Amino acid sequence: MKKMVFQIAMTIGIIIFFLIILYQIYNLSMEGLAEEYTERQQVLTRQAASGIEGYFQHLEQITGLIASVPELREERFKEKHFEQIIYTSLETLKEQGVKNILILDRNGICKWQASGKNFLNLDLSKTEPFQISKDLKPPQFYISELSKKNILSPTPANEIIFGIPIYKLFSGINSLSSGEELSGCILLFIDSDYIFTNYITPLSQGKKGTVWVMDQKGTLIYLPEHPEMVFKNIFDKDKSCFSCHESFNPEKQMITANKFTGRNKINHSTKLLAATGFNLRQGLSGWVIATSSPFGKVAISARKSYFYILILTFSIILVLTVSSGYAIRINKKRAEALEEKVKASEEILYLKEYNENIVRNIPIGVIVIDKERKITSMNEEIVNQMRKVGVELKREEQIGKDILYQMPERLKEASSKIYDQALTEGISYEHSNITFEGKKGQFIYSVKISPLRDLKNMIVGAIITREDITQKRALEQEIKETKDYLESIFEASVDGIIVVDNKGVLTRANNAFLKMLGYSREELIGMHSRKFSTGIPEHIATNREMYALLMEKGKVSPVEIVYKKKDGSQLFVEQSAAYVKDKKENPSGSVGIIRDITEKKKLEQEIKETRDYLESIFEASVDGIIVTNNTGFLTMANNAFLKMLGYSREELIGMNTMEFSTGVPEHRAAQMEMFALLMEKGKVPPVEMGWKKKDGSSLPVEQTVAALNDKKGNLSGVVAILRDITEKKKAEEKQRQLQHQLIQAEKMASIGRLAGGIAHEINNPLSGVVTNLELVKGLESIDMKKIIDECIMTNPHAECTRKMEEFYNNFQKIEVKKNRWLETAYKGGMRCKKMIKELLIFSRPSTPKEEAEVDLNECIADSIDIIGHQLEIKNIRVDKELKTDIPKLWGNRRELEQIFLNLLINSSHAIGEKGGIIKVETWMESNSVIAKVADTGCGISEENIDKIFDPFFTTKEVGEGTGLGLAIIYEIIEKHGGKIEVKSKVNAGTEFILSFPFNKSAS
């Protein structure tokens, strides 16, 4: 009876012990399940965050391409090419949630929009999107806060504003460096529902959980289950929304940490939380993506499993108990006999030695202790384990010591209880993950403490087994990390990835593939790959070729094929495939990587159309266009070039450009200068040259050249555009003749304006000449014969002498007057001669051959001599300050004199009859000779000062002026490489400042 009670008690004890162990295992499993679930949810939120970041980076790339369009940088919004590019980009952006596009100029004025509310010509310079976007440098961009009011979106709604700056082009070079001038910015209006639908909604667990998004201030911006809470701050706790939360500490941790996993109690229910925080751009309040799942619903399946395990366990224990009782009763006598034999000393010694041998050689560390916790046995594996981490033990020295003697004080109390339970109550202890720190590192081990009983089932000690599981744990962790990593790559790939079995049935597919074909995962998994065939014979043939190649080589390089989408439309893809093998190296299926090349196909078509378009332009151009390699041999030439030189295409291709040289030194020098400039800058502006035609004649052309470089930046060829300027040369020659005629006409007009003064000036000396000659003519001549006769008749001696003396004195006086009058007449005549000579020289047409070294001071002095008398008559004084150290200029003397003569005439007209001063100065400044003509005349009004150099502009009455004087002055100065500047004030006078380049070789 006692034995039966004992057996029942033992059975109940075992059941209780088993239930306790099972409960502990259950709790550990639930904790592991919760941890694994939240970690998986955190990975999903991290993938969603990466997807959103990638989405905005993709928008930045597209808008960056739009911003680099030359028409946009130069604000040519109405050009057809710009419209085509912007609308093509708009179609792409609309598919990605963009509702509208605004383009603002540098002042924040809206110059272009795609659709929606009318912003055209509105001043948006004070808005946050423009203020921030204009200070950014690529690849930086602006993103508005969804929960923040904005002048472009009056209320927090479902729009996000995305901005990127635009910079102008400088010198024809497309650059986005920080030294460029801001041209404006592009603003995109993005539907936030598109982002949430594509990246957040897939995280939803249905009825099992909730997914939400908040910013880093705690404001909810997405919570589909409770839309009334959106745009409310969770920390502003009120009864209507957030009163169910016991604590907001988890939410605070979500905001401060980049990733978070944990739990929270809401309405007395434990929620499993996972979250990922990220910033969309520098300085912007970021977003936190979070998921919440009821722990009870997550663990319901596990609980059911443990419930069934519990029932099964009780059933097994019941069966074992009944069978054990039955077996005990049947084998009672056998057990007693066996007990007698076991007591035999030889058998005991044998068993002891046998057991010790097992303990010594088992690959698991084993320690045996007695009831006082003294070590009685220890195998070599324990020593080896400790040696690995730098702890040296001698097995013999450990025998007899307390098992806890080297245990840290902080662990002794807990360890003592475990050993006491095993040695006194017979309760085993097991721990699967313990880390031991040694001098040379650490190792992880599992330990099990089991009571050791004698033949009477009395506890005599305990056996401790310790297994080194460091490598096992490291391998398990590596496998888990690899699996998670591959899984994240699988789902995050922008290319579609599918796995099919040997029958062609899909077993796995990533999100990218689902999105490509428009199926849900439930619809796609289990479908046969032939369901995606378009049915078109050529597509079927391509699929069969790919399958045959896969069978032959085990893998297929990218092949272009066509898939049929769910809606029946075609999807052009580039697919590569490879066999998946099982452990026995037999094919168990295949994996395919599918890349959507629809845009690539469109781009290839656009490239082809563009190439055809450029070729048509190439051939239709009226200018000759040629392309050479880097050694000067022609590789391409259009019809216009063939027609220019008279060659056929077959004759021309392969010729060297040196064969077209005219041999003229000027042409050869221009060609060498052009080649040097091409090597230095990569392009040459239009240069006039001569090309030898097939018939040997010379063809004048205007040639533009640009270098062609390969991908490494090395010269690979040259493109040249040649324009036949034969007619232009003829027109220029004709224009030159007309200009000479015009200058000559203005000279004649100047002479006409001087005619009255010149006539007066010539008349004065001529009057003097005539008067003096008349006086000489009127002088009384002396009759010598009469004087002699009188002298003889009177007194031939004394009186004759007196008469001769008187005669001599009179004669002397007459001679003096005559000589004076003749000298005056001579000087007047010479003055007239000089003036007429200067007028003849001035009026004679000038020629290019007359260019020589010219003294500017002499030109000014000669001009003043011509008009000087007229100025004196008008009471106009000329002040000269001419520096003698100025160098000589290279030019046409008569043209330079005409400049100053015209300026002096204009100044005299401006001063009028009232009288005044004209001041003429010259001096040297830097590398230029400066001349200034200033007067005290009436001045020029502001509205006329910009027109004075226009041909035929004059403020004089009809018939008083041609309006060509200052226009010709401007042309002559420009011809000599100089500049002219005018300063004037009404009723205060006018200054003309002339600057001529200093020719060092001339001086």
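Tabulated results
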item	result
In segment 416-460, the residues that are of a type in the set (G, A, S) and out of contact with any strand residue (DSSP E or B) (no Cβ under 6 Å at 6 or more places or on another chain)	S416, G438, G441
Qualifying residue in segment 705-723 (condition: open to solvent by less than 50 Å² (accessible area, probe 1.4 Å) and among the polar types (S, T, N, Q))	no
Filter pass, D567 being of a type in the set (D, E) and within 37 Å of the chain's Cα centre (by Cα)	no
Cβ-Cβ under 7 Å pairs, at least 6 apart or on other chains, segment 87-99 side touching a residue at least 40 places away in the same chain (Cβ under 8 Å), far side assigned to a loop (DSSP other than H, G, I, E, B)	K99/G116
Whichever residue in segment 465-521 is polar (S, T, N, Q) and farther than 30 Å from E599 by Cα and, among such residues, is nearest to the chain's Cα centre (by Cα)	T482
Residue match in segment 609-626 (condition: in contact with an Asp or Glu (Cβ under 8 Å, 6 or more places away or on another chain) and either among the β-branched types (V, I, T) or without any contact (Cβ under 8 Å) to a residue 24 or more places away in the chain (or both))	no
Pair list, Cβ under 7 Å, 6 or more apart: segment 946-975 residue in the same structural domain as E895 (by the TED database), other residue among the acidic types (D, E) and modelled with pLDDT of 80 or more	I972/E895
Top-ranked residue in segment 865-895 [being buried (at least 17 other Cβ atoms within 10 Å of the Cβ), among the aliphatic types (A, V, I, L, M) and more than 60 Å from the chain's Cα centre (by Cα); ranked as farthest from I918 (Cα to Cα)]	I866
Tabulated pairs, segment 540-559, first within 18 Å of F572 (Cα to Cα), second among the aliphatic types (A, V, I, L, M) and open to solvent by 50 Å² or more (accessible area, probe 1.4 Å), C-beta under 7 angstrom, 6+ apart or interchain	V556/L549
Which numbered condition R466 misses (of (1) surrounded by 15 or more Cβ atoms within 10 Å (Cβ to Cβ); (2) more than 30 Å from F17 (Cβ to Cβ))	(2)
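The rows are residues; the columns are (1) closer than 21 Å to K728 by Cβ; (2) among the aliphatic types (A, V, I, L, M); (3) open to solvent by 70 Å² or more (accessible area, probe 1.4 Å).
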{"site": "V622", "(1), (2), (3)": "yes, yes, yes"}
{"site": "M636", "(1), (2), (3)": "no, yes, yes"}
{"site": "R649", "(1), (2), (3)": "no, no, yes"}
{"site": "R668", "(1), (2), (3)": "no, no, yes"}
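The values are calculated or read from the model by the stated rules, or taken from the named source; none is laboratory data. None of the values given here were measured: they were computed from a predicted structure. Cβ sites come from the backbone with ideal geometry, for glycine too, and all protein chains shown count toward neighbours. Each accessible area value is taken on the protein alone, full model and side chains, heavy atoms only, with ligands, DNA and RNA left out. Shrake-Rupley method; radii C 1.70, N 1.55, O 1.52, S 1.80 Å.
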